[in-house]
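Worksheet: one structure, shown below.
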Amino acid sequence: MANSPLEPDVATTPFVSNAFGERYLHAVNRTAFASIGAQAVFQQHFGEKLRDEDSLNIIIGSDSGLLPEQMHRQGVPAGSRFLFIELPELLPRIQERLADLELDPRIKIVPPDSWYQHAHNFSLDSYVYIDRLRLLNSVGAADAFLPDYRLLYRRVKTELDTWTWALRGTLKSSTFIDCQLINAAWAQVPAIRLKDSFPNRTAILLGGGPSLDDILPWLKQHRRELAVFAVSRVCRRLQEEKITPDIVCTIDPTALSFDVSKEMLKFGDDVLLVSAYHASPPLLSQWCGRHVYLGERLPWPSDLNEANIPVTGPTVTNTALALAMEMGFNQVILGGVDLCFSAEGYSHAAGSNERIAGPALGHMGPQVITNSGHMAETSDALQQAVNDIARQAQAAQARGCQFINPAPNAARIPNVLHQSLDAIELTAPDEDTQDVLARYLPGNDAALRLGYYQRLDKEVAATERRVHKIAELAKEALHCNDGLFGRNGHPPDFKYKHKMDKIEKRLEKDFKGIADLVKHYGITPFLRVIRPDRDKEWTDAEIETTGRIYYEAYLEGTARFLETLKAIRQRLATRLAEESTAPDCLQLVADWAAANETGRVRVWTHQHPTQTAALAADATAALADAEARFRQLLESMDTAHMARCKTEAGLGNVPSKASWLYRHKDIASLQRLVSGLQQITTEDQAPRWLASGYLAELEGRPEDALDCYQNIAEGPALEDALRRITALSLGQTDYSSALLALECLGHLSASYLPQYAELLRLGGGAQEAADIYARYLEQVPDDVAAMLKLGQLYQEQGIEDGARWAFEYVLERSPQNHAALSLLNALNNVREQQA
């Protein structure tokens, strides 16, 4: 493999400037800022995200320092922070570039090893709680011309996800609490009712991995011997195969969870839904069949909270496995739990949005060994899942339960037995799975539903009264804070401090649990007074302001919490109206639409067949219209999740991945990448040619590599291809081809002009080389090394005045440059001798 003189040395390469005077490193941003200014580029890339208030933005890369500079100049939005994580080799250059700019203290640029501490200094926990934490790629990191940016994003995302999950497990986020309160109406039967219900039975858990399709035929043959668990996202695929699971599990609270799982709503009474207390509310409220919940019913201490099986995360697979163990199964078969990508680049099974969108060949992640012994790509999240399931499998073995994964191409998981389907021993159960579930779970009785709704409404009403009392105490504390600092028309009086202490003790004692929730709902104002320089001594004015904001936050928290409780009671009013002997169906349809649960029409008609049959014409028409709109929603493939899958499945990231694999001489991974690219039909073949060229070089086929690179005529891969053509041509002493490639590179970026000039000089074209250096220095006037070489060229050609000017120019910018001093002295000595 020929060594390239063109590999960017980001530690020394100079900044280039665009027409707007903005300086950036070509190795990082290439031509992103060449034609339009940075502000316009950032607007295209980020939209309005960077203007949002009360947000912690963790950004990979800094776009050569342009992005933090832009944020400083436009002003940091109230309550927001910006943490830029830069590659270690680039950080000194960026810090030097911004040395004259006293950055806003709410903007930090840090190396990868210390980002976590700086994030904590920026109150990471608080932003996680209010769901205002963002991990973003800068323009340069998204383009990933330096592939290490992609690895940095992976690393930070994994660490951030791990911390966020752990934090939410102890603190809960506002999204989790909101979902818990909305879902409380359906949290009627705790999952603990199913404990030890299936001793010595076999379950199969169906996940969304590529091997799902391989196990489905076997599942159909052995359906009666198996209790079938399915994660909610595979329901579409199961319906295509006419397979009805016994249990569907869902836990995620996001809108994307509804997008990928909505087909589960087509199942009926013969399927049990098991949900986390914080699962996506539209999935629960529109579910027609039986349902049990995991976790706590309410987020505050209450007699309505029953003992229950907790939610085991971080993924729904972990939840389903934990549930299977609690239910007493002694054997759990994993189907579609691959935890790695297929050789073709797919992460999910047929029928999924990810599969429809296409293979994620540009994905860069760690590698795992599979059950068959070969290596496969995975993601950091899936690799973490391998570790999590390994621990669960070990705990299962201690309880007499064995996990089995028959898929040869699934990731090898410690403590999980790999066994072929033919070798798995199954026994016919004495009782059908549905009969067992019916025996352990109560029926869906109208009287039970009505009684539960009434008890829950009474509990929420009592909590409303307690929150109103907290608001009164917060107002009293605000009055005391003013009195403590003499804001009531009287001198400062310390007695108010004692009153404030009593109020705080009462909040902690008499309103335990509720007061904490109020604080969480009012946490946003705190973010606006959290100081990055927290070690600095506080002034009396700052203490007074903080005390006032603390209790104003209490007031804001009570207001927000009361709004949430009011909305919950409105939903409960609709539930109670549904159980009326003479419901107003027109009003019900309107309420369902307002609450984003039009599919309640199916639930209501299913639970009230007699009333449905006796409805007036207008009510029947309204229900039919609601049913049609809900059916359209279920059938729609135009979802936010599908759009995201298509973005991730594009070939845009393939060049940077191929470059990284080439740099690390990973022939096996390049072979898999090229094989996957060869199976894709697309007009843009440049990524395939680039990867194929890299592979040919590593395999010792330089001529084939050149053929591949020369097939690339345009696009982002062109620059990479021209660089490799230059290197290969130099390695074969084909200087004319190298010059031609360098000339093309020089048109793409001025940063290649010094190499072009130097090759011209070596070939005897001193004047041409001098012209190229002069052209380069017009764009990069601070590159003293290039100016020194231009001076030497002038000296070689006998242009002494030009040489003297060049050497003096260097010394103006670098007075201690010994080479320039020596060359200038030599010129002066020659002049003196001639004189």
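The values are calculated or read from the model by the stated rules, or taken from the named source; none is laboratory data. As the structure is a computational prediction, the values presented were derived from the model and not from experiment. Cβ placement follows ideal geometry from the backbone for every residue including glycine, while neighbour counts extend to all protein chains displayed. Protein only, heavy atoms only, side chains kept; ligands, DNA and RNA dropped before computing areas. Shrake-Rupley method; radii C 1.70, N 1.55, O 1.52, S 1.80 Å.
Could you grab me the full set of residues in region 803-835 that are open to solvent by 80 Å² or more (accessible area, probe 1.4 Å), closer than 25 Å to Phe15 by Cα and among the polar types (S, T, N, Q)? Selection gives Gln816 alone. The criterion of being basic (Lys, Arg), farther than 30 Å from Lys262 by Cβ and open to solvent by 50 Å² or more (accessible area, probe 1.4 Å) holds for Arg155. On inspection, Asp252 does not qualify as outside any helix (DSSP H, G or I) and within 30 Å of Asp430 (Cβ to Cβ). Leu298 meets the conditions (1) assigned to a loop (DSSP other than H, G, I, E, B); (2) closer than 24 Å to Asp338 by Cα; (3) touching a residue at least 60 places away in the same chain (Cβ under 8 Å); (4) open to solvent by less than 10 Å² (accessible area, probe 1.4 Å) in every case but one. The failed one is (2).
Inspect region 410-418 for any residue being in contact with a His (Cβ under 9 Å, 6 or more places away or on another chain), at pLDDT 95 or above and farther than 27 Å from Asn305 by Cα and give the result as yes or no.
Looking for residues that are in contact with a His (Cβ under 9 Å, 6 or more places away or on another chain), at pLDDT 95 or above and farther than 27 Å from Asn305 by Cα, one finds at least one in region 410-418, hence yes.
Among the residues making up region 351-384, those that are open to solvent by 30 Å² or more (accessible area, probe 1.4 Å) and part of a loop (DSSP other than H, G, I, E, B) are His363, Ser372, Gly373, His374.
Can you name the residue in region 229-246 that is in a strand (DSSP E or B) and touching a residue at least 40 places away in the same chain (Cβ under 8 Å) and, of all such residues, is farthest from the chain's Cα centre (by Cα)? Among residues in region 229-246 that are in a strand (DSSP E or B) and touching a residue at least 40 places away in the same chain (Cβ under 8 Å), the one farthest from the chain's Cα centre (by Cα) is Phe229. In region 769-803, the residue that is nearest to His747 (Cα to Cα) out of those that are charged (D, E, K, R) and assigned to a helix (DSSP H, G or I) is Arg775.
Looking at region 341-349, can you tell me whether even one residue there is surrounded by 24 or more Cβ atoms within 10 Å (Cβ to Cβ), modelled with pLDDT of 90 or more and in contact with a Gly (Cβ under 7 Å, 6 or more places away or on another chain)? Looking through region 341-349, at least one residue is surrounded by 24 or more Cβ atoms within 10 Å (Cβ to Cβ), modelled with pLDDT of 90 or more and in contact with a Gly (Cβ under 7 Å, 6 or more places away or on another chain). On the basis of being open to solvent by 20 Å² or more (accessible area, probe 1.4 Å), of a type in the set (Val, Ile, Thr) and either assigned to a loop (DSSP other than H, G, I, E, B) or closer than 30 Å to Asn18 by Cβ (or both), does Thr726 make the cut? For Thr726, the condition - open to solvent by 20 Å² or more (accessible area, probe 1.4 Å), of a type in the set (Val, Ile, Thr) and either assigned to a loop (DSSP other than H, G, I, E, B) or closer than 30 Å to Asn18 by Cβ (or both) - is not met.
Considering region 55-106, and only residues there that are of a type in the set (Asp, Glu) and open to solvent by 20 Å² or more (accessible area, probe 1.4 Å), the residue that is nearest to Lys157 (Cα to Cα) turns out to be Glu89. Looking only at region 680-688, decide whether some residue is surrounded by fewer than 19 Cβ atoms within 10 Å (Cβ to Cβ) and in a helix (DSSP H, G or I). No: zero hits. Can we say Arg193 is surrounded by fewer than 17 Cβ atoms within 10 Å (Cβ to Cβ), touching a helix residue (DSSP H, G or I) at 6+ places or on another chain (Cβ under 6 Å) and not hydroxyl-bearing (Ser, Thr, Tyr)? Answer is yes for this residue. Within region 643-670, being open to solvent by 50 Å² or more (accessible area, probe 1.4 Å), more than 21 Å from the chain's Cα centre (by Cα) and of a type outside the set (A, V, I, L, M, F, W, C) holds for Arg663, His664, Lys665. Every condition in (1) open to solvent by 50 Å² or more (accessible area, probe 1.4 Å); (2) modelled with pLDDT under 95 holds for Leu146 except the one numbered (1).
All conditions in (1) assigned to a helix (DSSP H, G or I); (2) buried (at least 19 other Cβ atoms within 10 Å of the Cβ); (3) touching a residue at least 24 places away in the same chain (Cβ under 8 Å) hold for Lys566, with the sole exception of (2). Among the residues of region 270-292, some residue qualifies, meaning at least one is under 24 Å from Arg602 (Cβ atoms) and surrounded by fewer than 19 Cβ atoms within 10 Å (Cβ to Cβ).
Is it the case that Ala640 is small (Gly, Ala, Ser), open to solvent by less than 40 Å² (accessible area, probe 1.4 Å) and modelled with pLDDT under 90? Judged against the criteria, Ala640 is not a match. Of all the numbered requirements in (1) outside any helix (DSSP H, G or I); (2) among the acidic types (Asp, Glu); (3) open to solvent by 60 Å² or more (accessible area, probe 1.4 Å), Glu597 misses one, and that requirement is (3).
Mind checking which residues of region 396-424 are loosely packed, with under 14 Cβ neighbours inside 10 Å and in contact (Cβ under 8 Å) with a residue 40 or more places away in the chain? Answer for region 396-424, where residues must be loosely packed, with under 14 Cβ neighbours inside 10 Å and in contact (Cβ under 8 Å) with a residue 40 or more places away in the chain: Arg399, Gly400.
This table checks each residue for (1) closer than 20 Å to Ser257 by Cα; (2) hydrophobic (A, V, I, L, M, F, W, C); (3) at pLDDT 95 or above.
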residue: Trp604; (1), (2), (3): no, yes, yes
residue: Ala621; (1), (2), (3): no, yes, yes
residue: Glu627; (1), (2), (3): no, no, yes
residue: Cys645; (1), (2), (3): yes, yes, no
residue: Ala649; (1), (2), (3): yes, yes, no
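Is it the case that region 790-802 has a residue that's within 51 Å of the chain's Cα centre (by Cα) and buried (at least 17 other Cβ atoms within 10 Å of the Cβ)? There is at least one residue in region 790-802 that is within 51 Å of the chain's Cα centre (by Cα) and buried (at least 17 other Cβ atoms within 10 Å of the Cβ).
Out of the residues in region 425-454 that are of a type in the set (Gly, Ala, Ser) and in contact (Cβ under 8 Å) with a residue 24 or more places away in the chain, state the one that is surrounded by the fewest Cβ atoms within 10 Å (Cβ to Cβ). Applying the filter and picking the extreme gives Ala428. Residues that are of a type in the set (A, V, I, L, M, F, W, C) and without any contact (Cβ under 8 Å) to a residue 60 or more places away in the chain number at least 2 in the following helices (runs of 4 or more DSSP H) confined to region 16-133: 38-46, 66-74, 91-97. The single condition from (1) part of a loop (DSSP other than H, G, I, E, B); (2) within 42 Å of the chain's Cα centre (by Cα) that Pro754 fails is (1).
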